[in-house]
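As structure tokens, the structure follows; a few thoughts come after it.
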Amino acid sequence: MLPTALTGRANEETCAMIIVLRNIPQRVLALILTPLLASSAPAALAALQKPPAPAVTLFEFSGSANEPAWIAVNDGVMGGVSRGGAKLIDGSLHFRGVLSLENNGGFSSIRSAGPTRDLSAAKAIVLRVKGDGRTYRLQLGTNAEFRRSRISYQTEFPTKRGEWTEVTVPLATLVPQFRGQKLSGPPLDRARIEEIGLSLSDGNPGAFALEVDWIRAE
């Protein structure tokens, strides 16, 4: 808190300035203020009209040799018997399999450990998908580790049975997890995305099928 003397002095100076401004003719005051406002207006307008960062296509599943491969990681690593994998068919990625809860299992995932991507300008991952009505997960990986294993940043997204939809996943909603356990951190390093994946662990055994047309960062 400012001392009383300083506060009183500031109030006196403010009042004096108001009195001075009131005594200046409006025409003169306009001549003084107009150049100042004109000089600051373009910068303010440019800030308001700043275009959003362009969308970056991460995967378009064209079959190009430049696109990284997708590998399956299922609950067999923990003794489960779920089956699932990825396959490129007619320009789209098909994630299919059978989820099983036997032997404490219950998840299937596919992952692409492509080149490290800088998504620091992005606010969301957008996917065009056709699903089976089940709720899937998007997962991203960086170089962050927990107990010497990679942390997975995950969040859910819905699908509609037999319908193509565009799903927007805000990066701010991704939660760090390790083997199903939520962690308090670290936060997602958007400038160092080393792995992108999809998974299913909704607790419902049976066949599943997800088709992905493309994945973008926006």
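The values are calculated or read from the model by the stated rules, or taken from the named source; none is laboratory data. Source: prediction; values computed, not measured. Virtual Cβ from ideal backbone geometry, glycine too; neighbours counted across all protein chains shown.
Assorted remarks:
- The lone exception for residue 175 - which of (1) surrounded by fewer than 20 Cβ atoms within 10 Å (Cβ to Cβ); (2) under 16 Å from the mean Cα position of the chain (by Cα); (3) under 18 Å from residue 73 (Cα atoms) it fails: (3)
- Complete set of residues in region 49-84 that are closer than 20 Å to residue 132 by Cβ and under 24 Å from the mean Cα position of the chain (by Cα): 61, 70, 72
- Being surrounded by fewer than 14 Cβ atoms within 10 Å (Cβ to Cβ), among the charged types (D, E, K, R) and modelled with pLDDT under 95 is a description that applies to residue 50.
Condition check ((1) surrounded by fewer than 19 Cβ atoms within 10 Å (Cβ to Cβ); (2) closer than 17 Å to residue 145 by Cβ; (3) touching a Leu at 6+ places or on another chain (Cβ under 9 Å)) across all residues:
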| position | (1), (2), (3) |
| --- | --- |
| 188 | no, yes, yes |
| 195 | no, yes, yes |
| 205 | yes, no, yes |
| 208 | no, no, yes |
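- Given (1) farther than 21 Å from residue 99 by Cβ; (2) aromatic (Phe, Trp, Tyr); (3) under 18 Å from the mean Cα position of the chain (by Cα), index of the condition residue 164 fails: (3)
Quick grid of which residues meet (1) of a type in the set (A, V, I, L, M, F, W, C); (2) surrounded by 10 or more Cβ atoms within 10 Å (Cβ to Cβ); (3) modelled with pLDDT of 95 or more:
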| residue | (1), (2), (3) |
| --- | --- |
| 7 | no, yes, no |
| 19 | yes, no, no |
| 33 | yes, yes, no |
| 39 | no, no, no |
| 55 | yes, yes, no |
| 75 | no, yes, yes |
| 103 | no, yes, yes |
| 117 | no, yes, yes |
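- Of all the criteria given as (1) modelled with pLDDT of 55 or more; (2) outside the structural domain of residue 121 (by TED's automatic domain parsing), the one not satisfied by residue 60 is (2).
- For first residues located in region 204-218 and over 9 Å from residue 57 (Cα atoms), partners that are β-branched (Val, Ile, Thr) and not in a strand (DSSP E or B) and lie 6+ apart or on another chain with Cβ distances below 9 Å form the pairs 210/159.
- Some residue of region 149-158 being within 17 Å of residue 206 (Cα to Cα) and out of contact with any Phe, Trp or Tyr (no Cβ under 8 Å at 6 or more places or on another chain): no
- Scanning region 118-172 for residues that are over 22 Å from residue 73 (Cβ atoms) and hydroxyl-bearing (Ser, Thr, Tyr) turns up 120, 165, 168.
- Members of region 121-147 found to be farther than 18 Å from residue 57 by Cβ and either assigned to a strand (DSSP E or B) or of a type in the set (Gly, Ala, Ser) (or both), listed by number: 130, 131, 133, 136, 137, 139, 141, 142, 143, 144, 145, 146
- Matching residues in region 138-172 - criterion: being crowded, with 17+ Cβ neighbours inside 10 Å and aliphatic (A, V, I, L, M): 138, 140, 144, 151, 167, 169, 171
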